[in-house]
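Working notes, structure below.
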Amino acid sequence: DSFELQNIEEPPQRAARVRHTSDESLTTTKMILGFRTPGANHPDTAALLLWAQLLASKSYGLPAVLQERHNLVTTVDATHTFMKDHGTFTVTVECHPQHQKAVRDWLFWKLTKSTHQEPPPDNHVHRSIASYSMKQALEWETCGEHASGLGFLVGRMGLEATRDLNNHIQSLAPADLQAIALKYFQANAWVEASLGPSAKQPTNEQKQPNQ
């Protein structure tokens, strides 16, 4: 039985799930893209948290390409949130409607193909580990047991589980992250929801961003 959602069973996902809601009063399109993941007590949680830190990085991750290099989005972020027995790896994006398809298709490629082909650079992995540790320390300093993520672990799963998770993150190598991407970032597990005006078809000049 589910700890958080008792007596609720979700049918197995065998294909991508996609939903777009049109609202012509809006001037931008917002997208939530991602994958269902296991919960906080699962050994893969550490690597999923580190992937979120990597992909949110402005030097290596999604903002570096979509925002800094190509100016295709106004905001983009990656997070991994979790309860005790289930989690969600999500990328959130806001962009102009005419860029929606190019941004969505590039993100689909990036997550479901590129992350499988080669591990992330070692220097960026180490940098993301340091950034994650600093973020958690600051979160605990300011929010204590009410901090999201870290506070949940301490409050629900105990201090030992929190220490184990942080130690696991510190020990991760690029090859570990590649293996996790191959395990979870699969096309048939993709979930996509978007809200915005009806998107116009991109012109021939609009291309997907390069690496």
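Could you tell me which numbered condition Thr45 fails, if it satisfies all but one of (1) within 25 Å of Ala187 (Cβ to Cβ); (2) open to solvent by 10 Å² or more (accessible area, probe 1.4 Å); (3) β-branched (Val, Ile, Thr)?
Tallying (1) within 25 Å of Ala187 (Cβ to Cβ); (2) open to solvent by 10 Å² or more (accessible area, probe 1.4 Å); (3) β-branched (Val, Ile, Thr), Thr45 fails exactly one: (2).
If the Cβ limit is 9 Å and pairs must be 6+ apart or interchain, which residue in the stretch 131-144 that is within 23 Å of Trp51 (Cβ to Cβ) pairs with which residue that is open to solvent by 60 Å² or more (accessible area, probe 1.4 Å) and modelled with pLDDT under 60?
From the stretch 131-144, the pairs are Glu139/Ser148.
Mind checking which residues of the stretch 70-99 are among the charged types (D, E, K, R) and in contact with a Leu (Cβ under 9 Å, 6 or more places away or on another chain)?
If the condition is that a residue be among the charged types (D, E, K, R) and in contact with a Leu (Cβ under 9 Å, 6 or more places away or on another chain), then Asp77, Asp85 are the ones that fit.
What about Ala47, is it at negative phi, among the aliphatic types (A, V, I, L, M) and not in a loop (DSSP other than H, G, I, E, B)?
For Ala47, the condition - at negative phi, among the aliphatic types (A, V, I, L, M) and not in a loop (DSSP other than H, G, I, E, B) - is met.
Condition (residue is over 19 Å from Ala181 (Cβ atoms), open to solvent by 40 Å² or more (accessible area, probe 1.4 Å) and either among the charged types (D, E, K, R) or in contact (Cβ under 8 Å) with a residue 24 or more places away in the chain (or both)) applied to the stretch 102-118: is it met by at least one residue?
no
Applying the selection to the stretch 67-86, what residues are at pLDDT 90 or above and over 15 Å from the mean Cα position of the chain (by Cα)?
Answer for the stretch 67-86, where residues must be at pLDDT 90 or above and over 15 Å from the mean Cα position of the chain (by Cα): Gln67, Glu68, Arg69, His70, Asn71, Leu72, Val73, Thr74.
Can you say whether Ser59 is open to solvent by 30 Å² or more (accessible area, probe 1.4 Å) and closer than 16 Å to Lys101 by Cα, as far as the supplied structure shows?
For Ser59, the condition - open to solvent by 30 Å² or more (accessible area, probe 1.4 Å) and closer than 16 Å to Lys101 by Cα - is not met.
The values are calculated or read from the model by the stated rules, or taken from the named source; none is laboratory data. What you see is a predicted model; the values in this text were computed from it and never measured. Reconstructed Cβ throughout: ideal geometry from the backbone, glycine too, with neighbour counts over all protein chains shown. All accessible areas refer to the heavy atoms of the entire protein, side chains included, with ligands and DNA or RNA removed. Shrake-Rupley method; radii C 1.70, N 1.55, O 1.52, S 1.80 Å.
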